[in-house]
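Read-outs throughout are calculated quantities, based only on the coordinates presented, and are distinct from any laboratory measurement. On a predicted model such as this, the values are computed, not experimentally measured, just so you know. Cβ placement follows ideal geometry from the backbone for every residue including glycine, while neighbour counts extend to all protein chains displayed.
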Ligand code: ADP
Ligand code: MG
């Protein structure tokens, strides 16, 4: 490959909304046969909305929203922002302060609000704190997840208090992008920390068959390593801080331009518009560029 031809390729990339870290990046697109896609913020908009609040009998709904909203206000997770905004919109209050805020990676958040020790997150977080499950709340959670929604649990002072249901939407361009990946001979795989039911729902909606769900952020890069050790040449598309290591590990890392700086820095390519179809454009362009200069 001559440097000039490669640079022509990168110039065209800029026109298509694809920023390429260096011309040498293009070379790695030749062998890519697998494309791993993060779910939240990549296949979906990542703009989540709080759509339902279910509290245990006798639990005041406003109190549940106030404590959960206050705690989540300290987190930057898309789920957290949806909860905090939902609480402010419904209660029309300034959320109380949080002390001793902690983010438990891939599980949820904890902190002290109004003197109570509050937890918001998935079941495994509550298990860590030995909080007993509640059959009604479990049912509410399962119903939401069967519909492809995300449900998080709220507990304080050792007791489960309710379920918050949050919904995200698939980007309108995702299904078309996945069709194009297949046309390019790439097998799409959905990779997420979210639970299997939600992940499979989203995957079915956009035409992905293979799902790797309930993966801790720190294990996302290991999933890439495993695929590579099976002989696959792997592209990864992601947007979050929790995707950075996997993006760096992949043979080709693509970051959503709408995502975090950590993801962009770890990647070879940035999809400026946050449109998954640009990933297909990037691979097509790059192969075409290399094809003309052999
Ligand atoms: P993803 O891979 O989809 O971006 P994460 O690894 O960030 O997901 O989180 C995995 C799961 O942990 C979420 O689906 C949620 O159940 C829980 N979780 C993480 N952070 C929070 C939070 N701030 N509030 C509530 N739940 C959270
Ligand atoms: Mg993400």
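Work out how much length residue 136 to residue 175 would gain on full extension: take 0.36 nm times their residue separation and subtract the Cα-Cα distance, in nm to one decimal.
Fully extending the segment from residue 136 to residue 175 adds 10.5 nm.
Can you sort 216, 48, 137 from fewest to most other Cβ atoms within 10 Å of each residue's own Cβ?
Details: 216 13, 48 24, 137 21.
The most exposed by this proxy come first: 216, 137, 48.
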Each label sits 7 Å from Cα toward the beta-carbon; between residue 33 and residue 204 the label points are separated, in nm, by 3.0 nm
For the chain, the longest principal axis of the Cα atoms and the Cα long axis of helix 220-229 enclose an angle in degrees, to the nearest 10, of 40 degrees
With 0.36 nm assigned to each residue of separation and the Cα-Cα distance removed, residue 230 to residue 49 gains 61.3 nm
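To check you understand DSSP bridge types, tell me what percent of the beta bridges within the chain (both residues inside) are antiparallel, rounded to 5. Walk me through the numbers on the way to the answer.
Values: 32 of 51 bridges.
Once the DSSP bridges in the chain are tallied, antiparallel ones form about 65 percent.
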Label model pair residue 12, residue 60: point-to-point distance (7 angstrom along the Cα→beta-carbon line) in nm is 6.5 nm
Extension length gain for residue 187 and residue 129 (0.36 nm per residue less Cα distance), in nm, is 16.9 nm
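Rounded if a/c is under 1.5, else prolate if a/b beats b/c, else oblate: with a ≥ b ≥ c from the C-alpha gyration tensor eigenvalues square-rooted, which is the range 49-167?
Working: a/c = 1.31, a/b = 1.15, b/c = 1.15.
Rounded is the answer for the range 49-167, as its axis ratio a/c remains below 1.5.
Determine how many Å³ per residue the convex hull of the Cα atoms of the range 132-193 encloses.
Enclosed volume per residue, from the Cα hull, is 100 Å³.
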Between the Cα axis of helix 3-15 and the main Cα principal axis of the chain, the angle (0 to 90°, nearest 10) is 40 degrees
Taking Cα pairs closer than 8 Å and at least 6 residues apart, the relative contact order of the range 124-263 in percent is 15 percent
Between the Cα axis of helix 135-146 and the main Cα principal axis of the chain, the angle (0 to 90°, nearest 10) is 20 degrees
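For the chain, what does the alpha-carbon gyration tensor say about shape, rounded, prolate or oblate, given a ≥ b ≥ c as the root eigenvalues, a/c under 1.5 as rounded, and a/b over b/c as prolate?
Working: a/c = 2.53, a/b = 2.26, b/c = 1.12.
The shape class here is prolate.
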